[in-house]
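Heads up: the structure comes next, in structure tokens.
The values are calculated or read from the model by the stated rules, or taken from the named source; none is laboratory data. All figures in this text were calculated on a predicted structure; none of them were measured in a lab. Glycine gets a Cβ as well: all are built from the backbone with ideal geometry, and neighbour counts include every protein chain shown. Just the protein is used for accessible areas: all its heavy atoms, side chains included, with ligands, DNA and RNA removed. Shrake-Rupley method; radii C 1.70, N 1.55, O 1.52, S 1.80 Å.
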Amino acid sequence: MARLLIFGNPHSPLVAGRGRLGLQAGHEIHWFAAQPAPFPDVTAHALPSWARAPLARSLLEPIFLQRALRHVQPDLVHVHYASKGLAALPLARWRGPLVVTAMGSDITTTQGLQLPWAPFTRLLLKRAAAITTKSDWMDSAVLQTGDTRDKLVRLTWGIDLGRFRPDLDTAALRARWEIPPGDLVFLDPRGGSAFYNKHIILNAFADYLQGGGPPATLLVAEVAAEPGFIARLKRLAEDRGIADRVRFIGQLPHAEMPEVFALADVTVMMPESDGLPQSLLEALACGSFPVLGDLPQYAELLQAGPLARRVPVGDQNALRAALRWAAENPADRQQAAVLGRAYVEQHADERRETEKLLALYARLLGE
């Protein structure tokens with residue numbers, strides 16, 4: 001079979017799983033990243049430890065990537081996330097099939113398409129033979145970088161529907177986090193920085209409690225957390241008098257997330273910008289009701305029906321009202337759970353999405 005080179009962060013649970021899917025078709029996997037990929041079934045190529053500091057990495061990564069390309073001589077390269085900075089240069093010169101997976105932040109004008117990285121992101125997308133995206137919004141964002149319509153491939157990647165489901169036993173988590181019996185559970189699952197507006201979510205939750213909303217506990221995830229920001233959130237919870245109703249749950253292993261989403265009656269997401277996050281699909285698969293910022297990135301999903309409640313990003317009062325509505329309308333939440341599960345089964349079944357990826361590889365390899 002073919003020799004594939006994967007370029008992406010192997011310590012991201014999502015990229016780690018996606019990058020190794022080629023093994024299912026018998027392909028040989030090589031993996032390039034700043035740090036060695038920790039998988040026994042792939043061959044790792046990485047930067048030396050002295051070249052991993054941010055500035056050194058941005059300058060030296062293209063050189064070590066070029067060496068890996070020359071050494072491996074891959075039949076196909078698959079890049080996860082389109083914003084790779086100067087590393088786009090050796091990829092643009094390489095002549096074999098190139099797949100680029102765009103995820104959202106890497107193709108927005110506020111992140112991956114901002115200077116000085118925008119020209120390199122555009123170069124990588126122009127060079128790609130195929131660009132995988134998860135939604136119509138992502139298609140439109142990619143198309144703004146150039147005429148790439150014939151390269152677009154819809155691939156949601158999917159989730160394991162046998163693991164992410166609503167009927168999981170969550171008693172152990174309730175006990176671990178000392179959630180009072182009868183409390184509703186609100187979950188903030190996104191990254192631990194101000195970009196995700198966690199401070200607004202916490203303030204809106206405080207307003208909800210102080211306004212007489214049904215008893216509830218807020219779980220705050222600390223994914224890739226900025227320590228100073230998390231400390232600020234904890235002080236805010238103390239200042240608002242709700243520390244006993246907030247649980248900071250750290251960065252949980254992905255293996256625990258099915259039970260976490262099944263525990264959450266309501267999942268709250270309000271980033272400044274987004275793609276179509278896997279966590280949203282996982283919440284829907286587990287029957288958790290999403291309360292979302294009113295971003296255009298979610299519009300395609302919500303065409304399937306009243307799956308979620310949307311509020312203007314950053315509007316604390318609107319978010320408080322949405323939390324109150326979700327808490328007081330369990331029948332609507334249950335209807336949304338049925339619709340959400342059906343959506344995920346149709347559009348994000350991991351088995352079907354894997355088949356699509358392997359078919360894409362086969363087509364580009366001429367098999």
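Averaging Cα coordinates gives a centre for the stretch 1-76 and one for the stretch 328-367; these two points are 27 Å apart. Relative contact order of the stretch 120-178: 33 percent, from C-alpha pairs under 8 Å at least 6 residues apart in sequence. Think of a 1.4 Å ball rolled over the protein heavy atoms: the stretch 165-260 then has 44 Å² of accessible area per residue. Pairs of lysines in the chain whose Cα atoms sit within less than 26 Å of one another amount to 12, provided the residues are eight or more positions apart or on different chains. Atom-type composition of the exposed protein surface of the chain places 51 percent of the accessible area on carbon and sulfur (1.4 angstrom probe).
In the context of the full set of protein chains, residues of the stretch 2-151 present 44 Å² of accessible surface per residue (probe radius 1.4 Å, heavy atoms only). Out of these labelled values of mean projected area of the Cα convex hull in nm², (1) 16.9; (2) 28.2; (3) 18.1, which was calculated from the coordinates shown here? Among (1) 16.9; (2) 28.2; (3) 18.1, the one calculated here is (3). For the stretch 2-12, 3J(HN,Hα) computed residue by residue from phi via the Karplus equation (6.51, -1.76, 1.60; θ = phi - 60°) reads 8, 9, 10, 10, 9, 10, x, 6, x, 8, 7 Hz, glycine and proline entered as x.
Using only alpha carbon pairs under 8 Å that are at least six residues apart, calculate the relative contact order of the stretch 158-317 and give it in whole percent.
Computed value for the stretch 158-317: 29 percent relative contact order.
The string of couplings for the stretch 201-218 from the Karplus curve (6.51, -1.76, 1.60, θ = phi - 60°) is 4, 5, 5, 5, 5, 4, 4, 4, 5, 6, x, x, x, x, x, 8, 10, 9 Hz, one whole number per residue in order, with x for Gly and Pro.
Peptide packing for 171-177, 321-327, 43-49 was compared via the average number of neighbouring C-beta atoms within 10 Å per residue; ordered from the highest value, the list is 321-327, 43-49, 171-177. Tell me the relative contact order for the chain as a rounded percent, counting alpha carbon contacts under 8 Å between residues six or more apart. Computed over the chain, the figure is 15 percent.
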